[in-house]
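The values are calculated or read from the model by the stated rules, or taken from the named source; none is laboratory data. Since this is a predicted model, take the numbers as computed values, not measurements. All Cβ positions, glycine included, derive from the backbone under ideal geometry; neighbour counts span all protein chains shown. All accessible areas refer to the heavy atoms of the entire protein, side chains included, with ligands and DNA or RNA removed. Shrake-Rupley method; radii C 1.70, N 1.55, O 1.52, S 1.80 Å.
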Amino acid sequence: MAKLNTNSNTYIIIYSAILVIIVAFLLAFIFKALKPMQDANVELDKEKQILSALNIRGLDDAEADATYHKLLTKVDSIGQGKERKPYIYYFKVDGNQKYVFPLKGMGLWGGISGFVSLNDDKNTVYGAYFDHESETAGLGAEIKDSQEWQEKFQGKKVFDEAGQIAIGVEKKVDDGKKAYEVDAVTGATLTSNGVRDMLRSGFKQYEKFLKEK
């Protein structure tokens, strides 16, 4: 029997191909096995963000999941047909109706997102939580990292007296607009502008629902 030439190009190519197939199979198997866990973690993170928008923070994973499902009463959509988005989350907090709205926009370096809850008047902010894909630590990242900044939205109005969407973020808030606007994050003007645009374009999607009494 001829001795296998392990230095030949044919051997190296066949060996490499078999190795690639084995590794690809193992990676696919691991991904499939871990996907349910990954999906559960993504869902749990979303639940925690929504709870933060309801001013409920600091819960461990089990407490957060239990609290979320205890307070949630309904998830609805204003979309039609296959595009069943965007969603509206209905909650009862201390016996009071709250609505939570998911929002998406663009910051300085990437996407930003958030959840904003409104009282049952569909106009007054109850709480807010914002997130980002990639913003500068200590500057734009403050939209996520600073609970104090997020809490500034509490009590702000979505609509002004004329019925126009007025909620926003400005570098310097005029006295006449303090009912709707929040001071921008220091040193992060572009990210703050992204939050402002996200709030206004986001609530524009829900305007019909918000003006229904």
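When restricted to residues that are closer than 15 Å to residue 114 by Cβ and outside any helix (DSSP H, G or I), region 189-213 contains 1.
From the list 144, 172, which one is more than 21 Å from the chain's Cα centre (by Cα) and either farther than 16 Å from residue 203 by Cα or modelled with pLDDT of 90 or more (or both)?
Numbers: 144 fails: more than 21 Å from the chain's Cα centre (by Cα).
The match here is 172.
Once region 151-160 is narrowed to residues that are of a type outside the set (Asp, Glu) and over 10 Å from residue 181 (Cα atoms), the residue that is most open to solvent (accessible area, probe 1.4 Å) is 154.
Within region 127-150, can you find the residues that are open to solvent by 80 Å² or more (accessible area, probe 1.4 Å) and in contact (Cβ under 8 Å) with a residue 24 or more places away in the chain? Listed by number, the residues that qualify are 133, 147.
Looking at 61, 45, can you tell me which residue is open to solvent by 60 Å² or more (accessible area, probe 1.4 Å) and farther than 28 Å from residue 155 by Cβ? Explain how you work it out, then say what you get.
Numbers: 45 fails: farther than 28 Å from residue 155 by Cβ.
None of the others qualify; the one that does is 61.
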